[in-house]
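Structure first, commentary second.
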Amino acid sequence: MYSTRNQTLNKKLGLLTTLLLISGISFSAVQTNTHSDNDVEGIKKEGDYEIKIRPLEEKRYITDFEMVSLDKYQLRREKEELKEKFGKTDQNFKQKTEKINTYLQNRNAPLAIYSEYIVLLANKYDLDYRLVPAISIIESGGGENLYRPYNAWGWGGAKGHTFDSWEESIYTVTRGIAEGYNQRGAATPEEIAPNYNPHTPDEWGSKVQLVMNQMGPEL
């Protein structure tokens with residue numbers, strides 16, 4: 001009788017787990033199973049979600065089921081790779097990130113929380129770390145005043161581009177400036193201005209350069 005009840009309970013718990021995973025609800029299940037001392041924290045990926053296992057005191061383990069789309073999963077992995085390759089190898093990485101973050105926070109700019117990602121991509125594409133955030137300040141107050149979703153740079157001119165996330169727009173703009181301007185000999189705001197903002201190039205270039213200077217020195 002006990003075995004039958006136990007099996008029924010396990011089936012119900014299994015069904016509840018499946019329903020919660022399908023509905024995208026995050027939850028934690030505490031297991032009191034005893035594990036060996038060799039067990040370590042890890043991540044197991046199944047389908048579109050991850051199972052994160054981390055040890056607790058008294059040999060208890062907590063398993064978190066987090067619904068993560070494949071795109072977000074890939075983005076997270078890419079960020080980790082960027083940090084490994086273009087963050088740890090830059091002795092000024094922390095200083096650059098702090099300067100960008102401090103400046104954007106003081107301006108109440110939504111892009112402030114993406115300062116690290118901005119610097120990582122600037123390192124990857126060999127851009128001045130201040131350029132992309134400085135343009136965002138001039139064009140939209142660092143993402144505060146937008147005329148297209150997630151487009152803080154006026155990217156795309158009068159028509160403008162609509163992005164699905166800040167990560168997508170930061171990546172697109174950084175790569176676009178690197179390949180469309182920097183690699184063609186236009187690295188400074190004054191050199192970029194005639195094509196980026198042909199209506200008021202001198203004024204625009206001076207403003208962007210001023211913001212870059214306020215963010216800190218070139219590192």
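Residue under question is Lys99, and the condition is that it be in contact with a Gly (Cβ under 9 Å, 6 or more places away or on another chain), in the same structural domain as Leu210 (by TED's automatic domain parsing) and basic (Lys, Arg); does it hold?
Criteria met by Lys99.
Restricting attention to segment 82-135, report how many residues are in contact (Cβ under 8 Å) with a residue 60 or more places away in the chain and either surrounded by fewer than 19 Cβ atoms within 10 Å (Cβ to Cβ) or closer than 17 Å to Tyr150 by Cα (or both).
Selection size over segment 82-135: 6.
In contact (Cβ under 8 Å) with a residue 24 or more places away in the chain, surrounded by 15 or more Cβ atoms within 10 Å (Cβ to Cβ) and not charged (D, E, K, R) - does that describe any residue in segment 155-165?
No: segment 155-165 contains no residue that is in contact (Cβ under 8 Å) with a residue 24 or more places away in the chain, surrounded by 15 or more Cβ atoms within 10 Å (Cβ to Cβ) and not charged (D, E, K, R).
Please indicate, with yes or no, whether at least one residue in segment 136-150 is β-branched (Val, Ile, Thr), more than 25 Å from Glu80 (Cβ to Cβ), part of a loop (DSSP other than H, G, I, E, B) and touching a residue at least 12 places away in the same chain (Cβ under 8 Å).
No, segment 136-150 has no match at all.
Starting from residues that are in contact with a Gly (Cβ under 7 Å, 6 or more places away or on another chain) and surrounded by fewer than 24 Cβ atoms within 10 Å (Cβ to Cβ), keep the ones in segment 136-153 and report whichever is nearest to Ser206 (Cα to Cα).
Looking at the filtered set, the residue picked out is Glu139.
Any idea which residue in segment 158-198 is modelled with the highest pLDDT, counting only those that are in a helix (DSSP H, G or I) and of a type in the set (Lys, Arg)?
The residue in question is Arg175.
Is at least one residue of segment 200-218 under 23 Å from the mean Cα position of the chain (by Cα), crowded, with 17+ Cβ neighbours inside 10 Å and not in a helix (DSSP H, G or I)?
Within segment 200-218 (the criterion being under 23 Å from the mean Cα position of the chain (by Cα), crowded, with 17+ Cβ neighbours inside 10 Å and not in a helix (DSSP H, G or I)), the answer is no, since none of the residues qualifies.
The values are calculated or read from the model by the stated rules, or taken from the named source; none is laboratory data. What you are looking at is a predicted structure, and each value in this text was computed from that prediction instead of being measured. For neighbour counting, all protein chains shown are included, and Cβ atoms are generated from backbone atoms with ideal geometry for every residue, glycine included.
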